[in-house]
Amino acid sequence: MASDHTKPSLHFTAGFWINDPCAPGYDPATGLYHVFYQCNPHSTVWGSMSWGHLTSKDLVSWTPSTTPALVPDQPYDRDGVFTGCMVQPTNSQDSLKVIYSSVCRLPFHWSTPPYPRNAAGLAIAESNDNGETWTKCSENPILIGEPKGIRVTGFRDPFLSEWPALDQLRGQKSLYGLVSGGIDGYGPTAFLYSVLHENLSKWHYLCPLVDMSARFQPSQKWSGNFGVNWECANFLTLRSHSASRVCLILGAEGDVEREHIRNFKNHLHVPPRTVRSLLWMFGDLRAGRDSARVNFTHGGYLDCGSLYAANSFFDALSRRHIMHAWIPEEDITADYAKSKGWNGALAIARELYLLPIPSVTRALHSPLSEIASVEKVPDGDGSVTLYTLGIRPVEEITQLRGSCNDVCERRHISLPSSAGQAKQALCSELFTTWELEATITIDPSRCLEVGFSISHNGDPSVCTAIIFSPQEETISVNKGRPAFNHNIRNCPEQGPFTLFYKANDQEAESKDKLEDLCIRIIADADVLEIFANDRFALATMVYSPDGIGPAALSAFADGGPGSAFIEDVTVWNGLSSTRK
């Protein structure tokens, strides 16, 4: 169907429904990165779950296959090829193998018990031509369903990797597989399996990896609700110098909605959002020969927007943990998705790592003891080093800046100005794809909020605002557009974020110094991704009216004169991808 809408160019979309990224990995034989994605190749609504396939040399420009890689065509996967993982090749002689959830019975959901037994198992597919074609293995299904004797709320989304820390505790070497879900009457978890390197079809069940009560939420503000059932759980060991942490990333399904979404007045035409969050947790790993447990210690939001279904892999080439995830489109009707011709996008690839923040004395307002998303390690001088999950776009994305249409650079902007002006124009004609980086110093005693606004046709009511509130310790996206289309719900996004004071030995007159706000915005047609200080991320969709003119970008602040000072801001206007 012909569409007047502008399609994203940096974020992968397709002319149909797409959702979870699957089986990310790197093939040393070809030097290509791979990522698959669940899709319905026949429609812009969910159904007929299949796998599409993308390849890239640089994690930025992606080439899609012309036909689906996997489709539901066997008795064991007749109702869908659901999310899975790649068996990471260790040398150029290895064939490519993926493991996926083979669904033979729908519907199922944690909220409509009893969960049908053996509705989803595991299956393997292999490629001997570098990913061009895929063959399902004759041993399939390698698991027919969940462990015997356990009533589950879900059982899907396999993840497979080495885990040396668990090898050491168990006293034997193995691969380890997770299958996400939950136990009826108890809570969410991931089911842990040992898998032989030499025989990937043999999955030996060990135990539930996490013992967590349903709807566990260690902090109302600083961590999400861990829900009733998990999807797409991955384990990672993150390192920074001599420090290491066991980390799980996961999608939490539940029935406790975040307040800013729950309180937003829904349009009657648009169905409500699915209640779920993309979260992370650090934990203590304990294990015996045939059991293991990760006990929660700290955790928070992996993304504070609508991003979901993250899948990761350790890139042996760059020694990074690379994550892909899905940006859903739940704030539009099915008719609107059909009219524009696509539904869903994949986020820009991100790097996950262990982030130390040294010499911290306090946060803006919240006591450090209440911030569940940071681990506090005493430094010995009264300050602490905080450890948290670091998250940022892969470095390769910056290569697009070199071929942008225009660069706007400004320095030393005081807001509000001495003349009382709250806004400062930065760019009057934005292309559909652009990136911003800014470093901002604030006076928290006087600054109520600071941020950037994107307005159209000079109409302040048709405006999107990205706002940091020092008082509330939040970053939010206010989609303050009029109801120009009843097929769209402009639901705001919001997540917790604070700045930290650090011990300042170089200035005797000041005991501690507040860190700057370092914000990064990547806009790509209707897709918006926001990052702050390498520890905050928020992805969302912001829909623009049809036929609207070029947007203008401004910086703004609310508070006393000079309560926010933009040290520097750069806008790369007109980014483009070389995706085929």
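Values in this text are rule-based calculations from the coordinates and carry no lab data. Bear in mind the structure is a predicted one, so any value in this text is a computation, not a measurement. All Cβ positions, even for glycine, are placed from backbone atoms using ideal geometry, and neighbour counts span all protein chains on display.
Values as computed for the structure displayed
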{"item": "Inter-probe distance in nm under a simple model that places probes 7 Å from Cα toward Cβ, at residue 567 and residue 204", "result": "5.4"}
{"item": "Whole-Å distance, taken between Cα centres, linking region 68-143 and region 163-191", "result": "20"}
{"item": "Extended-chain gain in nm, criterion 0.36 nm per residue less alpha-carbon gap, residue 317 and residue 137", "result": "61.9 nm"}
{"item": "Surrounding net charge for residue 113, when Lys and Arg each add one and Asp and Glu each subtract one, Cβ distance under 12 Å", "result": "+1"}
{"item": "Rounded, prolate or oblate (a/c below 1.5 giving rounded, otherwise prolate when a/b exceeds b/c) for region 405-573 by Cα gyration tensor", "result": "prolate"}
{"item": "Long-range HN-HN contacts of residue 392 with modeled amide H, under 5 Å", "result": "351"}
{"item": "Separation of the residue 512 and residue 167 label points, Cα + 7 Å toward Cβ, nm", "result": "4.1"}
{"item": "Assigned charges on the beta-carbon of Lys, Arg, Asp, Glu; the chain dipole about Cα centre (debye)", "result": "1080"}
{"item": "Computed Kirkwood radius, in angstrom, where 1/r is averaged over Cα pairs of the chain", "result": "24.7"}
{"item": "Calculated from backbone phi, Karplus (6.51, -1.76, 1.60) coupling profile of region 205-214 in Hz, x at Gly/Pro", "result": "6, 9, 4, x, 6, 10, 10, 9, 6, 4"}
{"item": "Region 347-393-region 267-318 distance, computed between alpha-carbon centres (Å)", "result": "18"}
{"item": "Length released on extending from residue 423 to residue 448, taking residue separation times 0.36 nm less the Cα-Cα span", "result": "7.6 nm"}
{"item": "Extension reserve of the residue 284-residue 410 stretch, reckoned as 0.36 nm per residue once the Cα distance is removed", "result": "40.8 nm"}
{"item": "Loop-located GluC sites (Glu not before Pro) in region 135-219, at most 16 other Cβ atoms within 10 Å (DSSP)", "result": "139, 198"}
{"item": "Straight-distance crosslink candidates among lysines, where the alpha carbon sits under 18 Å from residue 136 and sequence neighbours closer than 8 are dropped", "result": "97, 202"}
{"item": "All lysines inside 21 Å of residue 479 as judged from Cα atoms, apart from same-chain residues fewer than 8 positions distant", "result": "7, 265, 340, 423"}
{"item": "In sequence order, calculated HN-Hα J values of region 108-119 (Karplus, 6.51, -1.76, 1.60; Hz; x Gly/Pro)", "result": "8, 6, 4, 7, 10, x, x, 5, x, 5, 6, 6"}
{"item": "Theoretical ellipticity at 222 nm over the chain - DSSP helices of four or more residues, -39500 (n - 2.57) apiece, nearest 500", "result": "-500 deg cm²/dmol"}
{"item": "Label-point gap, in nm, between residue 486 and residue 117 - each point 7 angstrom along Cα→Cβ", "result": "4.9"}
